[in-house]
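Q: Attaching a single structure in C-alpha cells format; questions to follow.
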Amino acid sequence: MGLPPGSVRDAIYDVVSGACPAPLPLDEIQRRVERRLGRSVPRSSIRSGLQLKTPDQYLRVGRGSYSLAGVTASNPGASMAEPGPCVTFGDATLHHADAFEWLASCPDQSIHGVVTDPPYGLVEYRPDELAKMRAGRGGVWRIPPSFDGNARSPLPRFSVLGEEDLANLEVFFNRFGQALFPKLVPGAHVVVASNPLLSHRVAYSLGQTGLERRGEIIRLVQTMRGGDRPKNAHDEYRGVSVMPRSQWEPWLLFRRPLEGTVAANLAKWRTGGLRRISDRLPFGDVIKSSPTRPAERRLAPHPSLKPQAFLREIVRAVLPLGEGVVLDPFAGSGSTLAAALAVGYRCLGTEVNAEYFELAARAIPALAALRTNSAGAANPLDR
Ligand SMILES: C[S@@+](CC[C@H](N)C(=O)[O-])C[C@H]1O[C@@H](n2cnc3c(N)ncnc32)[C@H](O)[C@@H]1O
C-alpha cells in the first residue's frame, strides 16, 4: 500500500524541526524519516522534499545538511530554554514545548511582556475533543449552523463546564501565574484573553499569584456566543434569548509589581507602563475589533485564531519603550508572534500540540506580512 499523500513531506519536517536548532545530514534525515514511516524511502525523495522547500522552510548548511530556515543555535530564544524543536523568524522564536516545562527552564526576570490566549475548558484541546470538532460532532465545541451559505467556525462551549472543570480551571491559572511570575521582570504587563463567563475566576486565580490587576481591555467584537432562543422551544418562545448575544471579549491586564516608581522601573527594566498610541493618544482599554478575517483564517486555520489588527495593538502596548521580549506561552497558530514581528518586537512562544506547532511555523511569516489598519492609527475607535 502506498503512503498517504504528503506523509514523506510531513515526516521530513518533523525530523528536521525535531533536531532544531542543530542541522542534520541528508543520510540521517533519511534514516529518521524511514524509522518514522516504518518503510524505506528513496534518497532522491528526501533530497527533493528538502530542496523544494529550501530556502523558505529549510536552510542548507555545509555539504548536504539541513536545518529549519532562520534557526540558529545562538538566537535568544534557543539559548533561553532546553534545546528542543523550535522555529525562528527574525526576532520571533516558537518552541514546540509544554508551556510549564519551558517556563521552568526559562531564566528568571527575562520576559518583559506577555500576551496570550490560553486554553479555557482545559479539555477543548485534548485530542478526543479536537477530533469531535473536526468531525462536526460537538463535544465541548459548538458547531454553529451555516449563515448565508457560509460555514462558521466552531466555538468552545464554556457553559458546559461543570464545578469540577471550573475548579480545575482555577488550579490551572494559579499554576500558570506561579510559573510565570519569577520569569517576568518587575513592571512586566501580562494580557490574558478571557470571556465574560469565566474572567472573574481567571482574574482571581492570577491575582493570587502576586500579579497586580491593572484592569481589562475590552475587545468590541460581535461573536456567535449567546442570543439563542431556548433549545427545543424556539417557536414557543420566539421573543426570548437565553443569554445576551455577546458583543465584547475581556482581555485581563496584570502587571508584576514595580520596583520603586514607574520612572525608576522604566529606567532599570524598561517596563512598568504601556506604550502610547501617539503623543496625543494613550493606549485605551476599549478596542473596536472584528472577527478574524477569512484571509487570516486561510493562512492559519486554528479554531481560536485571533486577528492581527487587534493583536498588534495589544502587543505593541505591552512594551512601553519597545524594548524587551514578549512571550505567548499558548501560541496556537503563532498569531501573537506574528503580531510582534509586525510591530518590530522580539518575541518567544510555546505550543504543545505538534499539529498547531507546524501550522504556526508556516503561518507566522505569512501573518506577519499581512497589511492591517492597526497599531498606531490616529483614533483607536475609528479603525
Ligand atoms: C486558545 S488557543 C490559542 C490560539 C491563538 N490565540 C491563535 O490566534 O492562534 C490555545 C493553544 O494553547 C495550546 N496549549 C494548550 N496547553 C498548552 C501547554 N501546556 N503548553 C503550550 N501550549 C498549550 C493549545 O494547543 C492551543 O493551540
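The values are calculated or read from the model by the stated rules, or taken from the named source; none is laboratory data. Since we're looking at a predicted model, the values are computed, not measured. Here the Cβ is made from the backbone with ideal geometry for all residues, glycine too, and neighbour counts use every protein chain on show. SASA here: full protein model, heavy atoms, side chains in, ligands and nucleic acids out. Shrake-Rupley method; radii C 1.70, N 1.55, O 1.52, S 1.80 Å.
Q: Condition first: in contact with a helix residue (DSSP H, G or I) (Cβ under 7 Å, 6 or more places away or on another chain) and open to solvent by 10 Å² or more (accessible area, probe 1.4 Å). Now tell me which residues in the range 362-375 satisfy that.
A: ALA366, ALA368, LEU370, THR372, ASN373, SER374, ALA375
Q: Would you mind stating whether ILE287 is in contact (Cβ under 8 Å) with a residue 12 or more places away in the chain, touching a strand residue (DSSP E or B) at 6+ places or on another chain (Cβ under 7 Å) and surrounded by 15 or more Cβ atoms within 10 Å (Cβ to Cβ)?
A: Judged against the criteria, ILE287 is a match.
Q: Please identify the pairs in which a residue from the range 349-363 that is in a helix (DSSP H, G or I) has its Cβ atom under 6 Å from the Cβ atom of a residue that is more than 8 Å from the ligand (Cβ to nearest atom), counting only partners at least 6 apart or on another chain.
A: Matching pairs, first to second residue: PHE357/HIS96; ALA360/LEU94; ALA361/VAL87; ALA363/LEU299.
Q: Before we move on, is GLY70 in a loop (DSSP other than H, G, I, E, B), open to solvent by less than 70 Å² (accessible area, probe 1.4 Å) and at pLDDT below 75?
A: yes
Residues are listed down the side, and each one gets a yes or a no for (1) assigned to a loop (DSSP other than H, G, I, E, B); (2) within 24 Å of LEU169 (Cα to Cα); (3) within 25 Å of the chain's Cα centre (by Cα); (4) at pLDDT 95 or above:
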{"position": "LEU206", "(1), (2), (3), (4)": "no, yes, yes, yes"}
{"position": "ARG213", "(1), (2), (3), (4)": "no, yes, yes, yes"}
{"position": "GLU216", "(1), (2), (3), (4)": "no, yes, yes, yes"}
{"position": "LYS231", "(1), (2), (3), (4)": "yes, no, no, no"}
{"position": "ARG238", "(1), (2), (3), (4)": "yes, no, no, yes"}
{"position": "MET243", "(1), (2), (3), (4)": "yes, yes, no, no"}
{"position": "PRO250", "(1), (2), (3), (4)": "no, yes, yes, yes"}
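Q: For the range 35-50, name all the residues that are part of a helix (DSSP H, G or I) and either of a type in the set (Phe, Trp, Tyr) or modelled with pLDDT under 85 (or both).
A: Once the filter is applied, which keeps residues that are part of a helix (DSSP H, G or I) and either of a type in the set (Phe, Trp, Tyr) or modelled with pLDDT under 85 (or both), the range 35-50 yields ARG35, ARG36, LEU37.
Q: Okay, moving on. I want to confirm something. Restricting to the range 1-22 and keeping residues that are outside any loop (DSSP other than H, G, I, E, B) and open to solvent by less than 20 Å² (accessible area, probe 1.4 Å), which single residue is modelled with the lowest pLDDT?
A: SER17
Q: If the requirement is being hydrophobic (A, V, I, L, M, F, W, C), open to solvent by less than 50 Å² (accessible area, probe 1.4 Å) and over 17 Å from the mean Cα position of the chain (by Cα), which of these qualifies: LEU319, LEU305?
A: LEU319
Q: Return the total of residues in the range 220-256 being over 26 Å from PRO307 (Cβ atoms) and open to solvent by less than 50 Å² (accessible area, probe 1.4 Å).
A: 3
Q: Another question, if that's okay. State which residue is nearest to ARG276 (Cα to Cα) when the search covers only the range 290-302 and only residues that are in a helix (DSSP H, G or I), open to solvent by 70 Å² or more (accessible area, probe 1.4 Å) and within 14 Å of the ligand (Cβ to nearest atom).
A: So the residue we want is ARG297.
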